[in-house]
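*Asks:* Handing you this structure, nothing more for now.
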Amino acid sequence: MTDQSVRRLIISAALTLAAVFLAVGAVRGYDLTLLIAGTIAALGVSVVIYLQVPSMSDDEVELEVAMKKLGGGESPDKVRLVAIGELADVKHAFNEMAKRVGDRMRQATAELSHLELMLQSVADAIIMVDRHGEIVHLNQAAERMFHLKEKAVGRTFIEAVRDHEFDSLLKKCLSSGSRQEGTIEVRPGRRVYDVTVSPLPGEPGAAMVIRDLTEIKRLERVRRDFVANISHELRTPLASLKLLAETLKAGACDDPAVAADFLGRIEVETDKLTQMVRELGELSRIESGESPLVKKSLDIVPFIEKVVKRLRPQADRAELALSVETVPGLKPVPADADRIEQVLVNLIHNAIKFTLPGGKITVTAATTPVGVEISVKDTGVGISPDDLPRIFERFYKADKARSGGGTGLGLAIAKHIIQAHGGDIRAESYPGKGAKFTFTLPG
């Protein structure tokens, strides 16, 4: 019962009591003066009691309403009291408290926004789950990594990700309460992930951080292969040079014919080393941008025909048919003619080298929405699916290509030249059915 209700009850009781006194006195013939005095006394006592009962002022009601609004979640900026009246100091203190609460809320909201921005900006996938393994938060990297097109929050981890190796690490962390780490390889695609699962501090659940190591592993493999391949490429000519020099030193110089033959072989091996050093330097300059392109308007059809004419004698000696197919209306494109000739010569030379006698090599050119596309297609031995993704790496050679000589740098150089022009180069092949190399030049 509120104070106001008590006050109303006292007034009602006093009035009722006074009315009873008057009625009884009138019926029984009591002294009217005494009845009136008794009635007045009863009313007086009621008034005294009424005044002793505390009442809630308008200021107090206003404070109560404001506190209820603040406790109900209303913004502190909207809960303000006018600091006047008997409770002005209290109202002022309430306003100061509401201001501090608002400041703290804004600070917490800003910190939460910064944390969310950080989570969404990192490349690593981050997934947080509760004690039951249900996802409570994840960043965009996690959505991309696991192709989570549907809403994942609220679903169990295994239901969303559908990988038991990841789920096994998560369950170990939730059950043991300790940090779990592991490397997981996922097929198809041969993706490699570094996974860390840590328990959440102060509450049941866990946070999983997943880093895609696929590209790092690929680069490590490229580095290892580069060292192995360059060692191989240097070892062979150096061993030959050492053997030839030792043979000449042992007395072969005395025979003019043998000496001349050995000197010729030394020259060949030296030329191979010189070519490799030159191509390595050229590749380094192209990659670093120290070898700028000299772009001019390049008329594609006459250009291709000139390169094919230059290499036709080699194709004839290998008993191969070398032809050109172009479409009418090819527009000139801005390009460095010497560099593009280097690319085209390399592709045609490789086609000649790896196509058996009686085969066919076709050079085509066509218009694309962004420029021109030039292809070199052969009917040679082809490239295996395992080798195909790596043939543009420096020094990389498929097993069949090793017998054909070369430094293994030609396609790497071709790739960087085309990319420097803003185009791209790709290869298609099936073993035993030939290969097709295509590059584009923007118009």
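*Asks:* Working out 0.36 nm times the residue gap between residue 266 and residue 324, then minus their Cα-Cα distance, what length gain in nm do you get to one decimal?
*Replies:* 17.0 nm
*Asks:* Rg to Rh for segment 122-212: what is it, with Cα atoms only and Rh by Kirkwood?
*Replies:* On the Cα set of segment 122-212, Rg over Rh gives 0.93.
*Asks:* So for each of 122-129, 272-279 I average, over its residues, the number of other beta carbons within 10 Å; can you give me the resulting order with the highest mean first?
*Replies:* Result, highest mean Cβ count within 10 Å first: 122-129, 272-279.
*Asks:* Restricting to segment 264-384, what percent of DSSP beta bridges are antiparallel, rounded to 5?
*Replies:* Antiparallel bridges make up about 65 percent of those DSSP assigns within segment 264-384.
*Asks:* So, one more: For the pairs 69/99; 415/436; 309/360; 309/353; 272/295; 295/377, flag any whose C-alpha to C-alpha distance is greater than 20 Å.
*Replies:* 272/295; 295/377, as the Cα separations exceed 20 Å there.
*Asks:* Also: Restricting the calculation to Cα positions, tell me the Rg (one decimal) and the Dmax (whole number) of segment 341-383 in Å.
*Replies:* 11.7, 37
Computed from the coordinates by the stated procedures, all read-outs in this text should not be read as laboratory data. This one's a predicted model, so the numbers in the text were calculated from it and none came from an experiment. As a convention, Cβ positions derive from the backbone with ideal geometry for all residues, glycine included, and neighbour counts pool all protein chains shown.
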